[in-house]
Amino acid sequence: MNVKTHDQKNMSIFESRVDTCKVLSVEDDQDYQDALINALSTLNYDGKDVEILTANSAAQAGVIIAMNPDISVILLDVIMETDDAGLRLIDTIRDGIGNDLVRIVLLTGQPGSSPADDIMNRYDIDDYWSKPDLTQDHLQTIILSNLRTWHHLKDMKEARHGMQMLIESSQRLATKRDILGYTRSILEEVSQLLNIKKGGIVCFSDTADGEIEQAIIVAASYQVMHNKS
């Protein structure tokens, strides 16, 4: 299992790959950043490569997060260029960008300090750790746990979205009274539900052998009609 690292000058951090799990480390201490990368170098999750993205300021992190909505976990130093830089970045993630899926793990170099409970609840933060307490095994366990949570939440969100699309499709189809409008609507709704880009056709045949060459095209999506013209 390879762990891939990138800095902000490497534009490949903005490329989305379905065979990777993305983890972002936001840390202004380069030595500790290097230690985190090294600790995650043997990480293995569900047969996928782990891609480590890095930022050394909240401003850089905001750009990376906006361009990589599939980041699963963020390791975030609470205090960076300013005392509230970490919390302001979280506000941007949750309220500005609207990313409610990414798991955020707060880190601090000041043992004994922790954010208020209302902040943890408001921004949906589950983990808060003191840097000196994080061993390699402990860090990997935290990342794996949050990766599982992210994938679970992502599946639930996609399922809810699919169900909502299905309900809306059923409502739209119920308004169609003629066969032509109904079949066209079916093509449109199926294309949206299944994310089909090339379109399709609905055919009717009254012959016993059902030869496709003799079938009548009742409806076709715009893409098919356009390709045939």
Does the range 75-82 contain any residue that is of a type outside the set (F, W, Y), assigned to a helix (DSSP H, G or I), in the same structural domain as L40 (by TED's automatic domain parsing) and under 30 Å from D19 (Cα atoms)? no
Scanning the range 114-154 residue by residue, those farther than 20 Å from T92 by Cβ and not in a helix (DSSP H, G or I) turn out to be S114, W129, S130, L134, T135
Of the listed residues (D70, D77), the one being buried (at least 18 other Cβ atoms within 10 Å of the Cβ) and in contact (Cβ under 8 Å) with a residue 40 or more places away in the chain is D77
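Being assigned by TED's automatic domain parsing to the domain that holds D34, crowded, with 18+ Cβ neighbours inside 10 Å and under 21 Å from K22 (Cβ atoms), is that true of even one residue in the range 108-124? Outline the logic, then answer.
Let us first name the residues in the range 108-124 that are assigned by TED's automatic domain parsing to the domain that holds D34, namely 108-124.
Going one step further and asking which of them are crowded, with 18+ Cβ neighbours inside 10 Å, we end up with 108.
From what is left, the residues that are under 21 Å from K22 (Cβ atoms) are none.
Within the range 108-124, not a single residue is assigned by TED's automatic domain parsing to the domain that holds D34, crowded, with 18+ Cβ neighbours inside 10 Å and under 21 Å from K22 (Cβ atoms).
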For the range 47-58 the number of residues that are in contact (Cβ under 8 Å) with a residue 12 or more places away in the chain and either under 16 Å from the mean Cα position of the chain (by Cα) or surrounded by fewer than 15 Cβ atoms within 10 Å (Cβ to Cβ) (or both) is 6
Does at least one position in the range 166-186 carry a residue that is part of a helix (DSSP H, G or I), under 30 Å from R103 (Cβ atoms) and modelled with pLDDT of 70 or more? no
Does any residue of the range 156-165 turn out to be of a type in the set (A, V, I, L, M), in a helix (DSSP H, G or I) and modelled with pLDDT of 80 or more? yes
Any chance N38 is modelled with pLDDT of 90 or more and out of contact with any strand residue (DSSP E or B) (no Cβ under 8 Å at 6 or more places or on another chain): yes
Is it the case that the range 45-55 has a residue that's of a type in the set (G, A, S) and more than 14 Å from N99 (Cβ to Cβ)? yes
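The values are calculated or read from the model by the stated rules, or taken from the named source; none is laboratory data. Since we're looking at a predicted model, the values are computed, not measured. So basically every Cβ, Gly included, is an ideal-geometry build from the backbone, and we count neighbours across all protein chains shown.
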